[in-house]
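The values are calculated or read from the model by the stated rules, or taken from the named source; none is laboratory data. Fair warning: this is a prediction, and the values are worked out from it, not measured in the lab. Cβ sites come from the backbone with ideal geometry, for glycine too, and all protein chains shown count toward neighbours.
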Amino acid sequence: MAIWPLRIVQPVGLSTLMCFPSGPSLACLFLTMALAGCVAPPGKPAIGHGSIAPPSPSVVSPQGSPPSVVAKRVIVVDAASGRVLMAKNADERCAVASTQKLMTALLVTESGSLSDRVVIQPSDTTVEPTKLYLKAGHSYTRGQLLKAILVRSANDASVALARDIAGSVAGFAQQMNFRARSLGMSNSNFLNPHGLTQEGQYSTARDIAVLARYVYRHPSIRGPMTIRSYDFRHGNGKVSKLTNTNRLLKRLPYATGMKTGTTRASGKCLVASGSLHGRTVIAVVLGSTSSSVWNDSEALLRWALESPQLVRPVMALKVSH
């Protein structure tokens, strides 16, 4: 008998009945789901790299209905397993603004030492704000510029790193798309390292969740995202205080960072992570409003981490391919 690992992606209200054979003949295998779509359909595995999640002895899921949100596109995933806890228009293509800097950060960490130095070129300084107002000729480590991207969403730092790594913004965008495909992000097309609106550039809440879950494993990315503020020293010795654009770090004691984003095309966006009682979840909120993006994200994290948890065993089944 072929045995599958059961993939639960909509855990609320799950009820499962399994009948196994006794004796030489195959008697039955019945699965009864109280919620349609509890098992990931073909082509829609749990969020993560690849199609098979590591087996788990139990499923921990929030009880009760998820909160109502203003955002047009939302997904909430368990960071460890990749299970989708809730989704709203998660596969709808849209502008995602600076949340795509998570891909920029990933490529930076995978492209050599963070202690390598970058000399700012005039072309790096012409990008629109938000930026650090870097001056041509000044020199910084890749780590310094990466930190400024993750904390303050600095566009000029993004361009400088892209040029340094790939020779040009266009070349870096090609690397972004290649890496996205390797992660299983099949519904994204990146054209720049900062997320400013450009025709033909898009992603989805689901793809950004795949990316966020992967980069969360990198201490060199996860660490700076938790910083509320710090002093950035410019090449001329001047010091600027950089405050994290993620207000959720002040609103929730267990918030662990990730990335903000906003343009006219994207609306207000936030990739937010939180850890409580040994569990970490990631909420991707796209197309919200100035006031609602924080309320949406906080409500989703509270629902996923603070609501009474339902623990059920996962039946490990296996199939030959």
#### Entry: Residues within segment 130-159 that are part of a helix (DSSP H, G or I) and more than 22 Å from Arg222 (Cβ to Cβ), tallied
2
### Query
Which pairs have Cβ atoms under 6 Å, sit 6 or more apart or on different chains, and link a residue in segment 192-205 that is in contact (Cβ under 8 Å) with a residue 24 or more places away in the chain and within 13 Å of Thr104 (Cβ to Cβ) to one that is hydroxyl-bearing (Ser, Thr, Tyr) and not in a loop (DSSP other than H, G, I, E, B)?
Pro193/Thr104; Pro193/Ser158; His194/Ser158; Gly195/Ser98
### Summary
Given the conditions (1) within 23 Å of Arg264 (Cβ to Cβ); (2) in contact (Cβ under 8 Å) with a residue 40 or more places away in the chain; (3) in contact with a helix residue (DSSP H, G or I) (Cβ under 9 Å, 6 or more places away or on another chain), every one holds for Val118 apart from (1)
### Scan of segment 59-81 for residues that are part of a loop (DSSP other than H, G, I, E, B) and over 25 Å from Gly195 (Cα atoms), ordered by number
Gln63, Gly64, Ser65, Pro66, Pro67, Ser68, Ala80, Ser81
### Query
Just a yes or no: is a residue in segment 162-179 modelled with pLDDT of 95 or more, closer than 24 Å to Lys238 by Cα and over 21 Å from the mean Cα position of the chain (by Cα)?
yes
### Task
Scan segment 65-77 and report the pairs whose first residue is more than 13 Å from Arg93 (Cα to Cα) and whose second residue is crowded, with 24+ Cβ neighbours inside 10 Å and hydroxyl-bearing (Ser, Thr, Tyr), with Cβ atoms within less than 8 Å and a gap of 6+ or a chain change.
Val69/Ser288; Val70/Ser288; Ala71/Ser288
### Query
Within segment 205-231, how many residues are surrounded by 19 or more Cβ atoms within 10 Å (Cβ to Cβ) and in contact with a strand residue (DSSP E or B) (Cβ under 7 Å, 6 or more places away or on another chain)?
8
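Return yes when Ser288 is in contact (Cβ under 8 Å) with a residue 40 or more places away in the chain, buried (at least 24 other Cβ atoms within 10 Å of the Cβ), under 27 Å from Asp91 (Cβ atoms) and touching a Cys at 6+ places or on another chain (Cβ under 9 Å) and no when it is not.
Working: in contact (Cβ under 8 Å) with a residue 40 or more places away in the chain: yes; buried (at least 24 other Cβ atoms within 10 Å of the Cβ): yes; under 27 Å from Asp91 (Cβ atoms): yes; touching a Cys at 6+ places or on another chain (Cβ under 9 Å): yes.
Yes; evaluated as a whole, the condition is true for this residue.
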### Query
Of all residues in segment 183-196, which are surrounded by 14 or more Cβ atoms within 10 Å (Cβ to Cβ) and of a type in the set (Ser, Thr, Tyr)?
Ser188
### Query
Within the bounds of segment 167-185, is there any residue that is in contact (Cβ under 8 Å) with a residue 60 or more places away in the chain, assigned to a loop (DSSP other than H, G, I, E, B) and either of a type outside the set (A, V, I, L, M) or farther than 27 Å from Asp91 by Cα (or both)?
yes
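Given the condition surrounded by fewer than 23 Cβ atoms within 10 Å (Cβ to Cβ) and of a type in the set (Lys, Arg), answer yes or no: does some residue in segment 97-116 qualify? Outline the logic, then answer.
Applying the first criterion (surrounded by fewer than 23 Cβ atoms within 10 Å (Cβ to Cβ)) to segment 97-116 yields 106-107, 109-116.
In the following step, the residues that additionally are of a type in the set (Lys, Arg) were identified as none.
No.
Regarding Ala136, is this residue within 26 Å of Asn246 (Cβ to Cβ) and not aromatic (Phe, Trp, Tyr)?
Working: within 26 Å of Asn246 (Cβ to Cβ): no; not aromatic (Phe, Trp, Tyr): yes.
No.
Going by the conditions given, is Val281 touching a residue at least 12 places away in the same chain (Cβ under 8 Å) and not small (Gly, Ala, Ser)? Break it down stepwise before answering.
Details: touching a residue at least 12 places away in the same chain (Cβ under 8 Å): yes; not small (Gly, Ala, Ser): yes.
Taking the combined requirement at face value, the residue satisfies it.
One residue is enough: does segment 117-124 have a residue meeting the conditions surrounded by fewer than 20 Cβ atoms within 10 Å (Cβ to Cβ), assigned to a loop (DSSP other than H, G, I, E, B) and more than 24 Å from the chain's Cα centre (by Cα)?
First, the residues of segment 117-124 that are surrounded by fewer than 20 Cβ atoms within 10 Å (Cβ to Cβ): 117, 119, 121-123.
Next cut, assigned to a loop (DSSP other than H, G, I, E, B) only: 121.
Still in the list and also more than 24 Å from the chain's Cα centre (by Cα): 121.
Yes, the conditions are met somewhere in segment 117-124.
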### Message
Between a residue in segment 126-155 that is aromatic (Phe, Trp, Tyr) and any residue that is in a loop (DSSP other than H, G, I, E, B) and modelled with pLDDT of 95 or more, which pairs come within a Cβ distance under 7 Å, given they are 6 or more apart or on different chains?
### Response
Tyr140/Gly235
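Of a type in the set (D, E, K, R), over 27 Å from Val96 (Cβ atoms) and in contact with a Phe, Trp or Tyr (Cβ under 8 Å, 6 or more places away or on another chain) - does that describe any residue in segment 230-242? Lay out the reasoning, then the answer.
The initial filter retains those residues of segment 230-242 that are of a type in the set (D, E, K, R), namely 231, 233, 238, 241.
Within this subset, residues satisfying the condition of being over 27 Å from Val96 (Cβ atoms) are 231, 233, 238, 241.
With the extra rule that they be in contact with a Phe, Trp or Tyr (Cβ under 8 Å, 6 or more places away or on another chain), the set shrinks to 241.
Looking through segment 230-242, at least one residue is of a type in the set (D, E, K, R), over 27 Å from Val96 (Cβ atoms) and in contact with a Phe, Trp or Tyr (Cβ under 8 Å, 6 or more places away or on another chain).
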